[in-house]
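What follows is a short report on a single structure.
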Amino acid sequence: MKPFTIACPTGHLAFTPLEKASFLEGCRLRPDAIVADAGSCDIGPRPLGADRHVSLEAHQRHDLEIMLLEARRLGVPMIVGSASDTGTDRGVDQFVRLVREIAAEHRLAPFELAAIYSEQKVEDLLGRLARGARITGLDGRPDADAATLRRTDRVVAVMNAEPIRRALREGAQVVIAGRASDCALFAAPLLEAGFSPAIAYYTGKLMECASFACEPFMGKETILGTVEGESVVVRAMHPEQRCTPASLASHAMYERTDPFREYVAGGWIDMSGCRYEQVDAKATRASGAVFHATPRLSVKLEGAGRVGERRLAIVGVRDPQTIARIDQAIAWARGKVAERFGPEGRGWRLFYHLYGRNAVMRELDPDPPSAPHELGVVVEAVHEDGRIAEEIAALAARNLFYARLSGTKGTAGAAALMSDEILVGEPGYEWTLNHVIEVEDIMELVRIRHLVVDGRGGEGR
Amino acid sequence: MVKLRELASTIRSKNAGVDHLTFDVIFRDPSAFARVRDSGALAPERICALYRIPRERLTHHCVFEPAQAIKFTIRRLVPSGSPGETDVFGAQQYAPLFEVEVP
């Protein structure tokens, strides 16, 4: 089997723009495929729940254009997954539109594109549940019931390599996939080239964040991975970066609970026996992964649901007596809100973020200072009705000003209002689904649409 | 005694999925790695005491030899990015590790 090389220019396409120079340098070495992931759960539940992208379209166009032009020039597959941050149908359609526009602008010769959709309708999942399917909680979550699904606005299924392989087999030269395991994007062309699932998925795991696997720390720079037999050589393309055993191994454990296991639909990679060895100044070889197929096909579901409207207010405190008794002042303010709206939890939530004490770590902070010089308080109020959320934020902030603390010397106001505004936040969302569902065939949850993109004005299919 | 920040080359935290925060302490110097690993300064019970969490919230803890690293994972009380969130990416939860005393 011939070696197979993949170029990866970015760990999250368009979150910030990719760096062109190292990508073109990588493409000079004639990779066999160009692959990038474009989404993440890290950005929180709102983009999925509200079905909006957080990457700017100008940056999406920038990254897709650079990748597409090189992929077409080299005549190699380009695979992008978790399109437009969320991997929803909207994201796939947006990327397909951008690819068409870029092709037209550059008058590219016709090529086959596959759009792979993995968004799920909540009603379909309710139907599966009613027919006896189990939607099993991950990471200690309880199983999802109908109520969990009804709290969910939008759901995506996380595909493995199989739908992407099918699209490639059916002739796609550009694949725009919905939500996918990052490593599956890399595994698909490798599996099609005949490599084992172990090295295919493991290569994806090592390469998915591009230059994060190298040192010194740089984002958005291209890396190349050359797979040969059961090992992969990962190479830094930026002139100042190196891929070392330490950088590659420490990346293998990044953002994950267990550095020895990576799960995908249909199996998991065991990385406990992996070995890393320096090949030359810029490259490291990794090997030793084992793939364990699972007897059942469990596909991950990610879902987000709207919690309510959010309103915010900013308050500062400088009086050391107020700072020392800030919990008392907050209790007073919460009491004033409860007088009007009943106990917290019945339709409203209120959070005080105490910058200067423990706003960043809250209950995990081992040693919050009891007497900071100043306290910055961000008040966050949540209610279904934005007008009520506004009123809660106003009461919660202004009653710090009016807090009744015995013996206070500053009787003209116990807090500083940065302004009298109540700020309108984005609606609050929560991750409602971090679950798996069993299916016979992943294509039950995935749809593939093929089209021809003709930048020279021919009829698209 | 020496502080962990003097021995480790990387001390970081990050989301691991939507329900967990994961922490990586990585060493460039093999002897520093061995010293911390063998000292028990980052043993599970020490981490629970540092972060003042019950043992069941520490869901994973391991030594990852290929990266000369000690890694542990804490379950979040609420999923990332919900209202009230303090650190959407979980990227600033490692600071207390700097001051851990290593014998």
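Which ones in region A:431-461 are surrounded by 13 or more Cβ atoms within 10 Å (Cβ to Cβ), of a type in the set (Asp, Glu) and over 26 Å from residue A:160 (Cβ atoms)?
Step one: list which residues in region A:431-461 are surrounded by 13 or more Cβ atoms within 10 Å (Cβ to Cβ), which gives A:431-439, A:442-455.
After this cut, where a residue has to be of a type in the set (Asp, Glu) as well, the list is A:438, A:444, A:454.
Residue satisfying the conditions is A:454 alone.
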Residue pairs meeting the criteria (Cβ under 8 Å; at least 6 apart or on separate chains; first at positive phi and within 14 Å of chain B (Cβ to nearest Cβ), in region A:119-144; second surrounded by 15 or more Cβ atoms within 10 Å (Cβ to Cβ) and assigned to a strand (DSSP E or B)): A:139/A:434; A:139/B:20; A:139/B:59; A:139/B:75; A:140/B:59; A:140/B:75
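Have a look at A:357, A:349, A:362 and point out the one that is over 25 Å from residue A:383 (Cβ atoms), surrounded by 17 or more Cβ atoms within 10 Å (Cβ to Cβ), within 14 Å of another protein chain (Cβ to nearest Cβ) and not hydrophobic (A, V, I, L, M, F, W, C). Full working, then the answer.
Values: A:349 fails: over 25 Å from residue A:383 (Cβ atoms); A:362 fails: over 25 Å from residue A:383 (Cβ atoms).
That would be A:357, the only listed residue that is over 25 Å from residue A:383 (Cβ atoms), surrounded by 17 or more Cβ atoms within 10 Å (Cβ to Cβ), within 14 Å of another protein chain (Cβ to nearest Cβ) and not hydrophobic (A, V, I, L, M, F, W, C).
With the requirement that a residue be hydrophobic (A, V, I, L, M, F, W, C) and touching a Gly at 6+ places or on another chain (Cβ under 6 Å), what does region A:277-326 give you?
Start the filter on region A:277-326 by keeping residues that are hydrophobic (A, V, I, L, M, F, W, C), which leaves A:279, A:281, A:283, A:286, A:289-291, A:293, A:297, A:299, A:301, A:304, A:307, A:312-315, A:317, A:323-324, A:326.
Of everything in region A:277-326, those that are hydrophobic (A, V, I, L, M, F, W, C) and touching a Gly at 6+ places or on another chain (Cβ under 6 Å) turn out to be A:291, A:293, A:297, A:304, A:307, A:312.
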Of all residues in region B:74-101 being under 30 Å from residue A:284 (Cβ atoms) and touching an Asp or Glu at 6+ places or on another chain (Cβ under 8 Å), which is surrounded by the most Cβ atoms within 10 Å (Cβ to Cβ)? B:93
For region A:334-392, name all the residues that are closer than 30 Å to residue B:74 by Cβ, small (Gly, Ala, Ser) and touching a residue at least 40 places away in the same chain (Cβ under 8 Å). A:370, A:371, A:376, A:381
Inside region A:164-213, can you point out the residues that are closer than 22 Å to residue A:302 by Cβ, not in a helix (DSSP H, G or I) and not basic (Lys, Arg)? A:175, A:176, A:177, A:178, A:180, A:181, A:208, A:209
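Just to be sure, is residue A:30 part of a loop (DSSP other than H, G, I, E, B), at pLDDT 95 or above and surrounded by fewer than 23 Cβ atoms within 10 Å (Cβ to Cβ)? I'd like the intermediate steps shown before the answer.
Details: part of a loop (DSSP other than H, G, I, E, B): yes; at pLDDT 95 or above: yes; surrounded by fewer than 23 Cβ atoms within 10 Å (Cβ to Cβ): yes.
Against the criterion (part of a loop (DSSP other than H, G, I, E, B), at pLDDT 95 or above and surrounded by fewer than 23 Cβ atoms within 10 Å (Cβ to Cβ)), residue A:30 qualifies.
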Can you pull out every residue in region A:388-430 that is buried (at least 20 other Cβ atoms within 10 Å of the Cβ) and farther than 26 Å from residue A:341 by Cβ? none
For region B:19-63, give me the residue count where each residue is facing another protein chain (nearest Cβ under 10 Å), of a type in the set (D, E, K, R) and in a helix (DSSP H, G or I). 2
So if I check each of B:79, B:66, which one is of a type outside the set (D, E, K, R) and either on the phi > 0 side of the Ramachandran plot or part of a helix (DSSP H, G or I) (or both)? B:66
Per-region count, region A:227-257, residues at the interface with chain B (Cβ under 8 Å from one of its Cβ atoms), touching a strand residue (DSSP E or B) at 6+ places or on another chain (Cβ under 6 Å) and under 30 Å from residue B:76 (Cβ atoms): 6
Looking only at region A:154-195, how many residues end up being crowded, with 17+ Cβ neighbours inside 10 Å and either touching a Ser or Thr at 6+ places or on another chain (Cβ under 9 Å) or not aliphatic (A, V, I, L, M) (or both)? 27
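Quick one: how many residues across region A:258-282 are more than 9 Å from every other protein chain (Cβ to nearest Cβ) and either in contact with a helix residue (DSSP H, G or I) (Cβ under 8 Å, 6 or more places away or on another chain) or of a type in the set (A, V, I, L, M) (or both)?
Taking region A:258-282 as the starting set, the residues that turn out to be more than 9 Å from every other protein chain (Cβ to nearest Cβ) are A:261-270, A:272-273, A:277-282.
Adding the requirement that they be either in contact with a helix residue (DSSP H, G or I) (Cβ under 8 Å, 6 or more places away or on another chain) or of a type in the set (A, V, I, L, M) (or both) leaves A:262, A:264-267, A:269, A:277-279, A:281.
Count: 10.
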What is the one condition in (1) crowded, with 18+ Cβ neighbours inside 10 Å; (2) away from chain B (no Cβ under 13 Å) that residue A:307 does not satisfy? (2)
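From the list A:69, A:64, exactly one residue is part of a helix (DSSP H, G or I), at negative phi and crowded, with 24+ Cβ neighbours inside 10 Å. Which is it? Let's see the steps before the verdict.
Details: A:69 fails: crowded, with 24+ Cβ neighbours inside 10 Å.
Checking each option against the conditions leaves just A:64.
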Here are the criteria: (1) loosely packed, with under 14 Cβ neighbours inside 10 Å; (2) modelled with pLDDT under 95. Tell me which single one residue A:139 does not satisfy. (1)
Return the only residue of A:285, A:311 being under 24 Å from residue A:352 (Cα atoms), outside any helix (DSSP H, G or I) and not acidic (Asp, Glu). A:311
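The values are calculated or read from the model by the stated rules, or taken from the named source; none is laboratory data. Since the model is a prediction, treat every value here as computed from it, not as a measurement. All Cβ positions, even for glycine, are placed from backbone atoms using ideal geometry, and neighbour counts span all protein chains on display.
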